[in-house]
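Quick notes on the structure that follows.
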Amino acid sequence: MLAACGGGDFSLNAIARVQASDDFTNGLGQWKVEQQDSTGTVTASHGVLDIVQPSGATLWFKQRLTGNYEIRFIATPIPATFGTTYVNRISDLNVFWNATVPGTASEDPTAVGYDGTLAAYNPLHLYYVGFGANGNTTTRLRRYDGTAARPQITGYATTASATADDKAGAMTPATSLVANTPVNVRIVSRQATTANPATLQWYANDQLIFSYTDASPYLSGWFAFRTTTSHWQLRDFKVLTLAE
C-alpha cells in the first residue's frame, strides 16, 4: 500500500513553463557540492551528473524554486564497492526540497557552507525523502523543523529496519531500488486547494509514494540531491511551473 496522506494526483495539472533545468552538458555551474569526504567525485558532462561518494554528500541546485511546481529527473543507482564493508551497494536516492535557513535574510542554504554530514542540515526547514536508504531497506518522508529531531511523517521499511514511524508498512518493489535501473522521480509542491488539499506529492516511476497535507507548508526554497556511500547517475533535471 502506498502512503497517501491526502490529495489526488497533481499530474493532471497543465504545465505552464519550465522554471529551471540542467541537461548536464556544461559542468556544475548550477550546483553547489558539499562532500563529507573529499575523495568523492561529482562530474557533469555528456548529459549525466555522475556522483561517486564514500560517505555523505549534498548537491544544492542554486536557484530558489517558487510557486506551484514539479521537479523531474531520472536517477540510476550503480553498484559501488567501498572497502570491504560495502560491496556492490545501492542506496540513498535522497532529496531535500523547499529548504530554507530560518532566521536569515536570504534563507539561502547555498550561502552557508555545510560539511556534507547529515546532521549539519538539522537547523534547516525542509522536506526530505530518503528513497531506498539505509542499504535499500527504508523509504521515508520527513519534515525538518530546525531541530535535531528531523521529524518523520511516515515511511516504509523492512522488518529489520522498521520503527514506529514507518506507518506505511513494508518495503515494496515500488519503494525499492534495483541496480542499474533508472528511477523516474517527480516531486510536486503546491498550495492546497479545496479540491486537492495535498501540499506535496512524491512519485517514483509514476507510482505515488507519498502524498501529504501540511497545515503549515513549506512552499518555496532550495532543492538538493543527497546521498551517502553510493554511486548515482542523474539525467534530465527540470523544474516545471504548474498552472494555477
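Of note:
- Filtered residues of the stretch 56-71 (kept if assigned to a strand (DSSP E or B) and either more than 21 Å from Asp206 (Cβ to Cβ) or of a type in the set (Val, Ile, Thr) (or both)): Gly56, Ala57, Thr58, Leu59, Trp60, Phe61, Leu65, Ile71
- Residues of the stretch 93-107 satisfying the condition of being crowded, with 17+ Cβ neighbours inside 10 Å and either touching a helix residue (DSSP H, G or I) at 6+ places or on another chain (Cβ under 7 Å) or at negative phi (or both): Leu93, Asn94, Val95, Phe96, Trp97, Ala99, Thr100, Val101
- Residue in the stretch 199-207 that is assigned to a loop (DSSP other than H, G, I, E, B), farther than 20 Å from Ile71 by Cβ and not β-branched (Val, Ile, Thr) present: no
- Scanning the stretch 118-148 for residues that are crowded, with 16+ Cβ neighbours inside 10 Å and outside any strand (DSSP E or B) yields a count of 10.
- Qualifying residue in the stretch 108-117 (condition: in contact with a Ser or Thr (Cβ under 6 Å, 6 or more places away or on another chain) and either aromatic (Phe, Trp, Tyr) or surrounded by 23 or more Cβ atoms within 10 Å (Cβ to Cβ) (or both)): no
- Search result, residues across the stretch 208-244 that are in a loop (DSSP other than H, G, I, E, B) and among the charged types (D, E, K, R): Asp214, Glu244
- Flag if Ala80 is surrounded by fewer than 14 Cβ atoms within 10 Å (Cβ to Cβ), touching a residue at least 12 places away in the same chain (Cβ under 8 Å) and over 29 Å from Val18 (Cα atoms): no
- Residue in the stretch 159-175 that is assigned to a strand (DSSP E or B) and among the hydroxyl-bearing types (Ser, Thr, Tyr) present: no
- Matching residues, the stretch 72-100, being out of contact with any Asp or Glu (no Cβ under 8 Å at 6 or more places or on another chain), under 15 Å from Leu49 (Cβ atoms) and in a strand (DSSP E or B): Ala75, Thr76, Pro77, Leu93, Asn94, Val95
- Criterion (under 27 Å from Ser220 (Cα atoms), hydrophobic (A, V, I, L, M, F, W, C) and touching a strand residue (DSSP E or B) at 6+ places or on another chain (Cβ under 7 Å)) met by exactly one of Val112, Val95, Val101: Val95
- Residues of the stretch 66-77 classified as surrounded by 21 or more Cβ atoms within 10 Å (Cβ to Cβ) and under 18 Å from Ala198 (Cα atoms), total: 3
The rows are residues; the columns are (1) surrounded by fewer than 20 Cβ atoms within 10 Å (Cβ to Cβ); (2) in contact with a strand residue (DSSP E or B) (Cβ under 9 Å, 6 or more places away or on another chain); (3) farther than 22 Å from Ala57 by Cα.
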{"site": "Pro151", "(1), (2), (3)": "yes, yes, no"}
{"site": "Lys167", "(1), (2), (3)": "yes, yes, yes"}
{"site": "Thr194", "(1), (2), (3)": "yes, no, yes"}
{"site": "Pro197", "(1), (2), (3)": "yes, no, yes"}
{"site": "Ala204", "(1), (2), (3)": "no, yes, no"}
{"site": "Phe210", "(1), (2), (3)": "no, yes, yes"}
{"site": "Trp232", "(1), (2), (3)": "no, yes, no"}
{"site": "Lys238", "(1), (2), (3)": "yes, yes, no"}
{"site": "Ala243", "(1), (2), (3)": "yes, yes, yes"}
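- Of all the residues in the stretch 170-191, those that are without any contact (Cβ under 8 Å) to a residue 60 or more places away in the chain and among the aliphatic types (A, V, I, L, M) number 2.
Coordinate-derived values only; no laboratory data. Given the structure is predicted, the values throughout are model-derived calculations rather than measurements. Cβ atoms come from the backbone with ideal geometry, glycine included; neighbour counts cover every protein chain shown.
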